[in-house]
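Enquirer: Shown below is the structure under consideration.
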Amino acid sequence: MKGRFFNRELSWLEFNARVLFQGLNKELPLLERLQFLSIVTSNFDEFFQVRVASVKRLLMENSNQMDASGLSPQMILTSISARAHQIVRSQQECLMTDILPSLAEKGFVYITPIQYTPAQIEYLSGVFNSQIFPLLTPLRTDMEAFPHIKNLTTYAAFLLKPIAGIKVGPKEFKGSDKMPRIAFVEIPEGIPNIYWLSGSGSASASRGRQFALLQDVVTAFGTKLFPGFEVEETLLFKVTRDADFAVDEDAGKNFISAMEDVLIQRKSSFPVQMTCNSSSQKIQSFLMEKLELSQDDVYCVNQIINPADLMELRDADESGALCFEKWEHFYPVDLPEEEPYWDTLKLHDKILHVPYESYDPVVKFLSDAADDDDVLAIKMTLYRTGRDSPIIDALERAAQRGKQVVVLVELKARFDEERNIAWANELEQAGVTVIYGLVNLKVHAKILMVIRRESDTIRRYVHLATGNYNTKTAKIYSDISLFTANPQIANDATLFFNLVTGYSTLQNMSCLSMAPVTIKSRLIAMINREIERSRPENPGLIIAKMNALTHEEVISALYKASQAGVKVLLNIRGICMLVPGVKGLSENIKVISIVDRYLEHSRIFYFQNGGTPELYCSSADWMNRNLDRRIELMFPILDQNAFADVKSILDSYFADNTKAMELLQNGSWEPVSRDKKDEAFQAQAELYKKYKILQEKKPVVSEKRFAVRRK
């Protein structure tokens, strides 16, 4: 380690290696291992679209500027390529030599085109003719305009040769020795990726059900698209394009139109990477030339372009033996299921921990507000909401019932822009007042406020969260949220909405901190306070959990704390630019990471504060973009019982000795060591057990029955 910081991109690659590590774990169920391999691919898709594209842009600008780790753009790109190729090779080896053979042993046998029996060929030919052929559009490449290849779309490419003695058409159809006859066809979406086969005549028929993949069916029968030609070679490929676009927020045109322009640009931006199988070097070389990609930009896989295509096998696993044991999402024991929460929240705050606890309380909270005649107004932010959202339904219903509903929809949420534009239009049509974010700042804060008339007063109820208002991701993302009627927090929430929806100078908030104005300074002040109150006999303590740590000012403050004897425990799911364990710099800092069945997404920060501890949750990671370029909120946990609950959750992650991995000062990660005498502790499993026990202890409310006298 040469400097004080790890490179951001290379640190992210090690996160994806930790995801791969779960796929390599033979103790996990097969389809869950396959799911982790699929996540490796989807993670890479976004990484190349955004991070690698941004590095390539720097190279195009001839930038030689070193980053915080001391690497130039070219050095970063070379290192990315080397490590990413290594991860993909390990992923493919696991898929082809471990996962697929193991699936075959369990009764699910993948059959490649070369293995098709005559009966299977006849069956698949019929499937191709009736279900697939009508959806295909072949595109030839021997014309002046090279056909556009869509971003992250799988194609089959065919190298063609005219059949002797058959006239193939005009001169431009015939090709030449210098220009090979190559045609592309897009693998259609919206139809099954898996086709179950008869095993008749196959040596492996006795081993279980056999299946073919859509991508293979297209390559095997694609010759039907080119009458008069025979197919010499085929290649399956996918191109990743630059998606690192920012909307021109100062443009005079309508902002939504500007956002739509960004979406159009993303579809036709410059290629960054290509994934392909290795079945045709000639087609591969042709594509590399046309797309201006180097060998470092090409990632060869054995056969399957998108491992996620195999996840349709979940539907065939009727016993569930190849998946994790199903975990319930428990309704919180201390919230009423039938009555609104108003009276409960007047007594105490409530912490909701999804996905162990159900997300239904958030939907119910908003739905009750929509239907309550005493509710006057609802205000909230929306960053990512998902499809068929009950959140949207409740907001529309509230507006239609005459309530004041104000929603700040962040149109710049990357890869959700199109959906958010649609939601914004739909909400406006229902009578909701929609705010389209802020100029030059993404609104990433998660906050919902309900204003209700009660007796002779107005009371405000607030929901604050570390994760999005998305009912689908709430089943797989681990997040913390707070329901409260605390007047101080409610006052701050009012100030926040006034600031982001109208003209308002920043008012001093008593409880909430907001980026880009106060969160960073507040964090650094609390780190410095920990230094000031630390004593050799009672050293300071900072415990923080987040998705990423990249902010150099915050990291420098943590180094300073370590040098002052403060103990710093960090749980970082993804990128970590801080270098732990360096004598004289960070020897008191420990960094761990947990990748498990749920995506760790909560941000929790604990400061010992000389014996008067403080605990916060936030929508913000300790990154430059979150603390300096986004609207974020950090909120304190003030209720005594809520404090104990969140602190217990936080402690669980640092007790994990089963899934936790520790960051070393050379940038590598290794599993947390466990003595033989230590009992295994898996944080997510223990948290699930905790909520399951609470549910089992929940009093059963019996129905009141009345005895009826009879004659």
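The values are calculated or read from the model by the stated rules, or taken from the named source; none is laboratory data. From a predicted model like this one, the values you see are computed outputs, not experimental measurements. All Cβ positions, glycine included, derive from the backbone under ideal geometry; neighbour counts span all protein chains shown. Each accessible area value is taken on the protein alone, full model and side chains, heavy atoms only, with ligands, DNA and RNA left out. Shrake-Rupley method; radii C 1.70, N 1.55, O 1.52, S 1.80 Å.
Enquirer: Among (1) out of contact with any strand residue (DSSP E or B) (no Cβ under 6 Å at 6 or more places or on another chain); (2) outside any helix (DSSP H, G or I); (3) surrounded by fewer than 18 Cβ atoms within 10 Å (Cβ to Cβ), where does ASP67 come up short?
Expert: (3)
Enquirer: Any idea which residue in segment 597-619 is nearest to the chain's Cα centre (by Cα), counting only those that are closer than 21 Å to ALA683 by Cα and small (Gly, Ala, Ser)? Give the steps one after another, and end with the answer.
Expert: Restricting attention to segment 597-619, the residues satisfying the condition of being closer than 21 Å to ALA683 by Cα are 597-606, 615-618.
Still in the running and small (Gly, Ala, Ser): 602, 618.
Numbers: SER602: 13, SER618: 17 Å.
Checked segment 597-619; the qualifying residue nearest to the chain's Cα centre (by Cα) is SER602.
Enquirer: Restricting attention to segment 362-412, report how many residues are of a type in the set (Gly, Ala, Ser) and more than 26 Å from ILE351 (Cα to Cα). So that I can check it myself, show each step before the final result.
Expert: Quick first cut of segment 362-412, residues of a type in the set (Gly, Ala, Ser) only: 367, 369-370, 377, 386, 389, 394, 398-399, 402.
Applying the additional criterion that residues be more than 26 Å from ILE351 (Cα to Cα) yields 399, 402.
Going through segment 362-412 one residue at a time, the tally reaches 2.
Enquirer: So, in segment 649-669, of the ones that are part of a helix (DSSP H, G or I) and in contact with a helix residue (DSSP H, G or I) (Cβ under 8 Å, 6 or more places away or on another chain), which residue ends up surrounded by the most Cβ atoms within 10 Å (Cβ to Cβ)? Working first, answer last.
Expert: First, the residues of segment 649-669 that are part of a helix (DSSP H, G or I): 649-655.
Adding the requirement that they be in contact with a helix residue (DSSP H, G or I) (Cβ under 8 Å, 6 or more places away or on another chain) leaves 649, 652-653, 655.
Details: ILE649: 20, SER652: 18, TYR653: 23, ALA655: 12.
By that ranking, first place goes to TYR653.
Enquirer: Take ARG8 and decide whether it is out of contact with any Asp or Glu (no Cβ under 6 Å at 6 or more places or on another chain) and open to solvent by less than 40 Å² (accessible area, probe 1.4 Å). Don't jump to the end; show me each part of the working.
Expert: Details: out of contact with any Asp or Glu (no Cβ under 6 Å at 6 or more places or on another chain): yes; open to solvent by less than 40 Å² (accessible area, probe 1.4 Å): no.
So ARG8 fails the test.
Enquirer: Just to check your reading of the model, which residue among ALA316, ALA308, ALA369 is in contact with a helix residue (DSSP H, G or I) (Cβ under 9 Å, 6 or more places away or on another chain) and within 30 Å of ASP98 (Cα to Cα)?
Expert: On the way: ALA316 fails: in contact with a helix residue (DSSP H, G or I) (Cβ under 9 Å, 6 or more places away or on another chain); ALA369 fails: within 30 Å of ASP98 (Cα to Cα).
After applying the criteria, what remains is ALA308.
Enquirer: Within segment 191-247, how many residues are buried (at least 17 other Cβ atoms within 10 Å of the Cβ), among the acidic types (Asp, Glu) and either out of contact with any helix residue (DSSP H, G or I) (no Cβ under 7 Å at 6 or more places or on another chain) or at pLDDT 90 or above (or both)?
Expert: 3
Enquirer: May I pose another question? Can you run down the residue pairs with Cβ atoms below 7 Å, 6 or more apart or on separate chains, where the first is in segment 574-587 and free of Cβ contacts under 8 Å to residues at least 24 places away in the same chain and more than 19 Å from LEU71 (Cβ to Cβ) and the partner is surrounded by fewer than 22 Cβ atoms within 10 Å (Cβ to Cβ) and aliphatic (A, V, I, L, M)?
Expert: none
Enquirer: Name the pairs whose Cβ atoms lie under 6 Å apart, with the first residue in segment 340-359 and aliphatic (A, V, I, L, M), the second open to solvent by 30 Å² or more (accessible area, probe 1.4 Å), and 6 or more positions between them or separate chains?
Expert: ILE351/ASP645
Enquirer: So ILE76 clears everything in (1) aliphatic (A, V, I, L, M); (2) open to solvent by less than 60 Å² (accessible area, probe 1.4 Å); (3) not in a helix (DSSP H, G or I) except one condition, right? Which one?
Expert: Every condition holds for ILE76 apart from (3).
Enquirer: Looking at this structure, is SER81 surrounded by fewer than 19 Cβ atoms within 10 Å (Cβ to Cβ) and small (Gly, Ala, Ser)? Don't jump to the end; show me each part of the working.
Expert: On the way: surrounded by fewer than 19 Cβ atoms within 10 Å (Cβ to Cβ): yes; small (Gly, Ala, Ser): yes.
Here the answer is yes, as SER81 does meet what is asked.
Enquirer: Which of the residues belonging to segment 84-102 are surrounded by 15 or more Cβ atoms within 10 Å (Cβ to Cβ) and under 24 Å from PHE211 (Cα atoms)?
Expert: Passing the criteria: GLN91, GLN92, CYS94, LEU95, MET96, ASP98, ILE99, LEU100, SER102.
Enquirer: Suppose we filter MET514, MET526 for residues that are outside any helix (DSSP H, G or I), within 24 Å of LYS545 (Cβ to Cβ), open to solvent by less than 50 Å² (accessible area, probe 1.4 Å) and touching a Phe, Trp or Tyr at 6+ places or on another chain (Cβ under 7 Å); which single one remains? Can you show your working first?
Expert: Details: MET526 fails: outside any helix (DSSP H, G or I).
Checking each option against the conditions leaves just MET514.
Enquirer: Taking segment 574-596 on its own, how many of its residues are among the charged types (D, E, K, R) and either crowded, with 22+ Cβ neighbours inside 10 Å or under 22 Å from ALA644 (Cβ atoms) (or both)? Lay out the reasoning, then the answer.
Expert: Kept after step one, since they are among the charged types (D, E, K, R), are these residues of segment 574-596: 583, 587, 590, 596.
Restricting the remaining residues to those that are either crowded, with 22+ Cβ neighbours inside 10 Å or under 22 Å from ALA644 (Cβ atoms) (or both) gives none.
Count: 0.
Enquirer: If we keep just the residues of segment 11-40 that are among the aromatic types (Phe, Trp, Tyr) and closer than 29 Å to ALA316 by Cβ, which is least open to solvent (accessible area, probe 1.4 Å)? Please lay out each step first, then the result.
Expert: Going residue by residue through segment 11-40, those that are among the aromatic types (Phe, Trp, Tyr) are 12, 15, 21, 36.
Checking which are closer than 29 Å to ALA316 by Cβ leaves us with 21, 36.
On the way: PHE21: 90, PHE36: 14 Å².
Going through the qualifying residues, I end up with PHE36.
Enquirer: Now, a different point. Taking the conditions exactly as written (surrounded by 17 or more Cβ atoms within 10 Å (Cβ to Cβ) and touching a Cys at 6+ places or on another chain (Cβ under 9 Å)), does ILE489 satisfy them or not?
Expert: Taking the combined requirement at face value, the residue satisfies it.
Enquirer: Sticking with this structure for a sec: Just checking, how many residues over segment 433-460 are open to solvent by less than 10 Å² (accessible area, probe 1.4 Å) and assigned to a loop (DSSP other than H, G, I, E, B)? Full working, then the answer.
Expert: Restricting attention to segment 433-460, the residues satisfying the condition of being open to solvent by less than 10 Å² (accessible area, probe 1.4 Å) are 443, 445-450.
Those still in the list that are assigned to a loop (DSSP other than H, G, I, E, B) too: 445-446.
Count: 2.
Enquirer: Quick one: LEU59 ticks every box in (1) part of a helix (DSSP H, G or I); (2) under 24 Å from the mean Cα position of the chain (by Cα) bar one, so which box is it?
Expert: (2)
Enquirer: Identify all residues within segment 110-151 that are open to solvent by 30 Å² or more (accessible area, probe 1.4 Å) and within 11 Å of LEU225 (Cβ to Cβ); write none if there are none.
Expert: Listed by number, the residues that qualify are PHE133, THR137, PRO138, LEU139, ARG140.
Enquirer: If you don't mind, another one. Looking only at segment 380-405, count every residue that is assigned to a strand (DSSP E or B) and closer than 10 Å to VAL432 by Cα and tell me the total.
Expert: Residues of segment 380-405 assigned to a strand (DSSP E or B): 380-382, 404-405.
This time we only want the ones that are closer than 10 Å to VAL432 by Cα, so: 404-405.
Going through segment 380-405 one residue at a time, the tally reaches 2.
Enquirer: Just to be sure, is SER481 over 29 Å from the mean Cα position of the chain (by Cα) and touching a residue at least 12 places away in the same chain (Cβ under 8 Å)?
Expert: Numbers: over 29 Å from the mean Cα position of the chain (by Cα): no; touching a residue at least 12 places away in the same chain (Cβ under 8 Å): yes.
In short, no.
Enquirer: Then there is this: Can you confirm whether MET509 is of a type outside the set (Val, Ile, Thr), open to solvent by less than 70 Å² (accessible area, probe 1.4 Å) and part of a strand (DSSP E or B)?
Expert: Numbers: of a type outside the set (Val, Ile, Thr): yes; open to solvent by less than 70 Å² (accessible area, probe 1.4 Å): yes; part of a strand (DSSP E or B): no.
It is false that MET509 is of a type outside the set (Val, Ile, Thr), open to solvent by less than 70 Å² (accessible area, probe 1.4 Å) and part of a strand (DSSP E or B).
Enquirer: Name, by its number, the condition in (1) farther than 30 Å from ILE524 by Cα; (2) open to solvent by 60 Å² or more (accessible area, probe 1.4 Å); (3) modelled with pLDDT of 95 or more; (4) assigned to a loop (DSSP other than H, G, I, E, B) that does not hold for LEU694.
Expert: Every listed condition holds for LEU694 apart from (4).
Enquirer: Tell me yes or no: at least one residue of segment 531-541 is of a type in the set (A, V, I, L, M, F, W, C) and closer than 27 Å to HIS444 by Cβ.
Expert: Step one: of segment 531-541, the residues of a type in the set (A, V, I, L, M, F, W, C) are 531, 541.
Then keep just the ones that are closer than 27 Å to HIS444 by Cβ; that gives none.
Checked segment 531-541: no residue is of a type in the set (A, V, I, L, M, F, W, C) and closer than 27 Å to HIS444 by Cβ.
Enquirer: Out of (1) at pLDDT 95 or above; (2) open to solvent by less than 50 Å² (accessible area, probe 1.4 Å), the odd one out for GLN303 is which?
Expert: Failed condition: (1).
Enquirer: Within segment 76-91, does at least one residue satisfy the condition of being basic (Lys, Arg) and farther than 21 Å from VAL217 by Cβ? Explain how you work it out, then say what you get.
Expert: The first filter runs over segment 76-91 and keeps only residues basic (Lys, Arg), leaving 83, 89.
Narrowing further to those that are farther than 21 Å from VAL217 by Cβ: 83, 89.
There is at least one residue in segment 76-91 that is basic (Lys, Arg) and farther than 21 Å from VAL217 by Cβ.
Enquirer: In addition: In segment 341-376, which residues are more than 32 Å from the chain's Cα centre (by Cα), surrounded by fewer than 21 Cβ atoms within 10 Å (Cβ to Cβ) and more than 26 Å from LYS689 (Cβ to Cβ)?
Expert: Initially, segment 341-376 is screened for residues more than 32 Å from the chain's Cα centre (by Cα), giving 342-344, 346-348, 371-376.
Applying the additional criterion that residues be surrounded by fewer than 21 Cβ atoms within 10 Å (Cβ to Cβ) yields 342-344, 346-348, 371-374, 376.
Selection gives TRP342, ASP343, LYS346, LEU347, ASP371, ASP372, ASP373, ASP374, LEU376.
Enquirer: Provide a single number: the residues in segment 377-395 that are in contact with an Asp or Glu (Cβ under 8 Å, 6 or more places away or on another chain) and open to solvent by 10 Å² or more (accessible area, probe 1.4 Å).
Expert: Result for segment 377-395: 2.
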